[in-house]
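The values are calculated or read from the model by the stated rules, or taken from the named source; none is laboratory data. None of the values given here were measured: they were computed from a predicted structure. Here the Cβ positions follow ideal geometry from the backbone for every residue, glycine too, while neighbour counts run over all protein chains shown. For accessibility, only protein heavy atoms count, side chains too; no ligands or nucleic acids. Shrake-Rupley method; radii C 1.70, N 1.55, O 1.52, S 1.80 Å.
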Amino acid sequence: IKEHAILMYLETIKSFVSGAVYNSVELTVTSATGTSVHKASKFNLNARIGGNDWTYAGDTMTGFKRLDNVFDLLSDVIFNEVDGDYIETGLWRGGSSIFAKAVLTVLEPNSTRMSYVCDSFAGLPPGKRSLDNGDRNWDNTPYLEIPATVVANNF
């Protein structure tokens with residue numbers, strides 16, 4: 001029963017950080033790169049599961065499948081007694097790290113592992129446009145710019 005309670009807790013955290021907990025009042029945000037204009041559309045759970053949309057109310061753009069991967073990787077680290085801390089670089093609102101911290105807390109309650117989150121808090125850096133035209137203008141997309149104070153308050 002304890003294992004089931006842990007899984008229920010982690011599913012709850014996953015639903016909150018992804019915004020899926022809000023069901024029909026959650027939105028999918030579509031942003032045109034290089035502009036502050038955003039379009040909101042009806043929430044699509046299947047897109048969110050795969051990480052194929054941007055959340056309006058959630059704290060991560062990481063879909064359920066990738067959050068499950070975070071769980072699997074951290075479980076493996078704990079099971080195999082791998083030393084070290086946790087770091088996420090490039091975190092947007094911090095939801096994936098919030099979920100990772102929840103995983104570490106329930107699977108390793110007496111852990112001394114530290115969690116670190118690192119970001120520019122100013123959006124993405126300019127891409128190498130000569131390598132991939134798809135990199136163009138992501139550095140000018142304000143929806144991706146989350147101040148450090150907002151991220152810190154999410155923890």
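A few points about this structure:
- Residue by residue, the stretch 81-90 carries 3J(HN,Hα) couplings of 6, 7, 6, x, 9, 10, 9, 10, 10, x Hz when phi is fed to the Karplus relation 6.51 cos²θ - 1.76 cosθ + 1.60 (θ = phi - 60°); x denotes Gly or Pro.
- Electrostatic tally near Phe43: other residues with Cβ closer than 14 Å to its Cβ, Lys and Arg +1, Asp and Glu -1, net +1.
- For the chain, calculated [θ]222 nm from helices alone, where every DSSP H run of n ≥ 4 adds -39500 (n - 2.57): -12000 deg cm²/dmol
- Kirkwood-type hydrodynamic radius, the chain: 16.7 Å, calculated from all non-identical alpha-carbon pairs.
- Helix 95-107 vs. the chain, principal-axis angle (Cα, 0 to 90°, nearest 10): 0 degrees
- When the chain is treated as a GNM with alpha-carbon contacts under 10 Å, the residue of Val70, Val17, Val25 showing the greatest mean-square fluctuation is Val25.
- Other-chain or far-sequence residues with amide H under 5 Å of Leu27's (modelled H): Tyr56, Ala57
- Solvent exposure of the stretch 93-155, expressed per residue, is 60 Å² of accessible area, with all protein chains present and a 1.4 angstrom probe.
- Residues Asp119, Asp83, Asp53, sorted by accessible area with the largest first, give Asp83, Asp119, Asp53 [1.4 Å probe; ligands and nucleic acids excluded].
- Cα-based helix-to-principal-axis angle, 2-18 vs the chain, degrees rounded to 10: 10 degrees
- The residues neighbouring Trp54, those whose beta-carbon lies less than 15 Å from its own, together hold a net charge of +1 under the Lys/Arg +1, Asp/Glu -1 convention.
- What you get for the stretch 1-145, charging only the Cβ of Lys and Arg (+1) and of Asp and Glu (-1), is a dipole of about 560 debye around the Cα centre.
- Selected from Thr112, Thr28, Thr141 as most flexible by GNM, with the chain as the system and alpha-carbon contacts under 10 Å: Thr112
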